[in-house]
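So the structure is just underneath, and the comments pick up after that.
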Amino acid sequence: MIRWGANLAPLTLTGEGWRLATSMFLHIGIVHLLFNMAVLLAWGPSAERYFGKFAFAVLYLFSGIAGGLLSAVWHGYHQVSSLQMTVGYQFVQTTRPDLIVSAGASGALMGLAGAFLAAKVFGHTDKFGELERVSGKNVALVVGMNLAYGFANSGIDNAAHIGGLLAGFALGTAFCWSHGLGKSTQYFVKGVLAALTLVSGIQGPAAFASSDLQDLKVQLVAELDAQQQKDQAEQEQRDAEKLAQEDEKQRAPSVSKEVAEGAQVAIGSGPSGFTVSADGKRLYVASFEANTVSVIDLASKNVVKTIGGKAQPIMGGCPQCPGVRGPAIAVSPDQALAYVADLAGDAVSVVDLHAGTVIGKVAVGSWPRAIALSSDGKFAYVLNIVDNTVSVIDTAAQKNIATLALSKPSTEGLPPGRPASLTLSADNQRLFVLDGLDNSLYVFDTAARRVLKQIPLPAEENAYDIKLQQGGKSLWVLSDNRFSLIDTAALALKKQLPLCEGTHGYSFDINADGTLIALPLNESQRTLLLRPATRKVVGALPAEHGPGAIRLLADNKSLLVMNDNAASVTLQDVTKTMSLKEAQALNDEAQNSEGLCWQTPGAQSAFGQ
């Protein structure tokens, strides 16, 4: 009721005066509504005939507003005492405002009763015929019974009843007085009272505001927000359970481990990253140790070209950094050029994919680990993890034209394989960069080359990977204990999906419509397929070769996994999955995982605190 506009003193008197109007049209239960509507049906037509349509509207609204205002002032400043037991079993007396949530048309209806009484006392005899259906004794009896019932029972807002009654009597008296003074005077009186109604509704509550009520409002708003979030979470969970039941009915039969493994394509040793062509037909894989770029035809699952080797340095190798991986390769939209991170040379190699040769090197910062290419191929953005900077490359000129700084560089105690991830918005106007040094997300304006916002990520957790959902409205961030969804328009946290205990991954991907997450679990030797809407595991695929980078293709069916330990890439079908029991058997020592939960395990970790 409070969310819909009920009258509550700490809110009404501190900036939400509109509640005086809305509360008149809300009712607490069907019985309350039917009773008030019956009274309005009995009294309304007579009041409208006697006072006139416009005057009736002013009378009804003013009485309701006046009753609500008196109710808010009375309950906001009237203190009630109570005894509370302390920790030491001592009783102490405390006082607090007598807060009551008020709603209903009773104040306005009591205003009609007050106007009728005024008409009986001060009205003109020539109009008494309009009141023949309303007996003064009956009105007085109804008023008396309502007030007596309110005084005898808690939870009845008698302040609103009294306020409406007095306001109605005053307006009724004014209308009766103006009746014999000519129509112009009557119109003037009605206009003044209408203006008074408007002013009292807007300015009346502000006159009774106080610092104590403001403090109480802050507390109440926090409690209401917490309750609303709890209610929304419970409703979401109920909806998710229904959807999960439907999913279970439609789930395809599980397959054997051998079928679920899919097809493996051997590539050069030490794979560091891959990227898929814009048309989804070819896969390009960079291999540190082999110093090669492998081109794979996804339809035939064959390597159609291998570029590089000992005679042609592309990446220079990186024997001193085992375990380093990332999307260290990007391919131009026309598939003519590849841009490959050269860790040893602190550069980006430009590879002519048709000629199979390196045609240039662009110096960047120290240890380039990740690359994002604009959709038009004009700019490449390179994340350097030692400098903790992003280099901006003009691809036509093959020149480093700008450097975007992240947090203060400090690599002490951090391994070379720490998280490195960045991505561009679909319109190329925003660059999102995961900063592993201070565990935050940087958002850059690519045109102005300035920071738009630095968004802190969950405290006491490490963030590992980011992915922009197709359409660009949500950015997903994978941390130790949760997925965080960032609203890319507001640049603010939109939602969190906690990971169940035992679920821990370093990379992930999400399909175009956000209905499926692929999360490889290295220790468990399996990839979980999760449905965010239900937070359920909908399938599992074997991942026994050290899964690294992972990619769900646009067909919503194919999954690509880079295998760190097998020098290969696996192509799997997400519609052909093992049973969860068989997936668990891949590693009996690994903790069982349920995927996504409704609450963060162990604690309610604050976001960015």
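You will find that of A459, A463, the residue that is surrounded by fewer than 22 Cβ atoms within 10 Å (Cβ to Cβ) and farther than 21 Å from L521 by Cα is A459 and no other. Every condition in (1) polar (S, T, N, Q); (2) over 27 Å from Q250 (Cα atoms); (3) surrounded by fewer than 17 Cβ atoms within 10 Å (Cβ to Cβ) holds for S484 except the one numbered (3). Criterion applied to W43, W18 was being open to solvent by 50 Å² or more (accessible area, probe 1.4 Å) and among the aromatic types (F, W, Y), and the one residue passing it is W18.
Among the residues of region 277-292, those identified as open to solvent by less than 20 Å² (accessible area, probe 1.4 Å) and at pLDDT 90 or above are S277, L283, Y284, V285. Which one is nearest to the chain's Cα centre (by Cα), of the residues in region 195-215 that are under 18 Å from A108 (Cα atoms) and open to solvent by 60 Å² or more (accessible area, probe 1.4 Å)? Among those residues, the one meeting the criterion is I202.
Just a yes or no: is a residue in region 250-267 open to solvent by 80 Å² or more (accessible area, probe 1.4 Å), over 22 Å from R526 (Cβ atoms) and modelled with pLDDT under 85? Among the residues of region 250-267, at least one is open to solvent by 80 Å² or more (accessible area, probe 1.4 Å), over 22 Å from R526 (Cβ atoms) and modelled with pLDDT under 85, which makes the answer yes.
Residues that are open to solvent by 80 Å² or more (accessible area, probe 1.4 Å) and within 30 Å of D334 (Cβ to Cβ) are absent from region 216-224 altogether.
Total residues in region 357-373 satisfying the condition of being surrounded by fewer than 19 Cβ atoms within 10 Å (Cβ to Cβ), modelled with pLDDT of 90 or more and small (G, A, S): the figure is 2. Annotation: E501 fulfils all but one of (1) farther than 24 Å from Q229 by Cα; (2) in contact with a Pro (Cβ under 8 Å, 6 or more places away or on another chain); (3) assigned to a loop (DSSP other than H, G, I, E, B); the unmet one is (1).
Return the total of residues in region 98-139 being open to solvent by less than 50 Å² (accessible area, probe 1.4 Å), of a type in the set (A, V, I, L, M, F, W, C), assigned to a helix (DSSP H, G or I) and at pLDDT below 85. Of the residues in region 98-139, 2 are open to solvent by less than 50 Å² (accessible area, probe 1.4 Å), of a type in the set (A, V, I, L, M, F, W, C), assigned to a helix (DSSP H, G or I) and at pLDDT below 85. The residues in region 394-422 that are surrounded by fewer than 18 Cβ atoms within 10 Å (Cβ to Cβ) and at pLDDT 90 or above can be counted, and the count is 9. Here the helices (runs of 4 or more DSSP H) wholly within region 1-85 that include at least 3 residues being farther than 30 Å from A119 by Cα are 9-12, 53-77.
State the number of residues belonging to region 333-355 that are in a loop (DSSP other than H, G, I, E, B), at pLDDT 90 or above and surrounded by fewer than 18 Cβ atoms within 10 Å (Cβ to Cβ). The qualifying residues number 6. Once region 525-544 is narrowed to residues that are part of a strand (DSSP E or B) and open to solvent by 20 Å² or more (accessible area, probe 1.4 Å), the residue that is nearest to A252 (Cα to Cα) is V538.
The values are calculated or read from the model by the stated rules, or taken from the named source; none is laboratory data. These numbers come from a predicted model, not from an experiment. Cβ sites come from the backbone with ideal geometry, for glycine too, and all protein chains shown count toward neighbours. Keep in mind that these areas ignore ligands, DNA and RNA; they rest on the heavy atoms of the full protein, side chains included. Shrake-Rupley method; radii C 1.70, N 1.55, O 1.52, S 1.80 Å.
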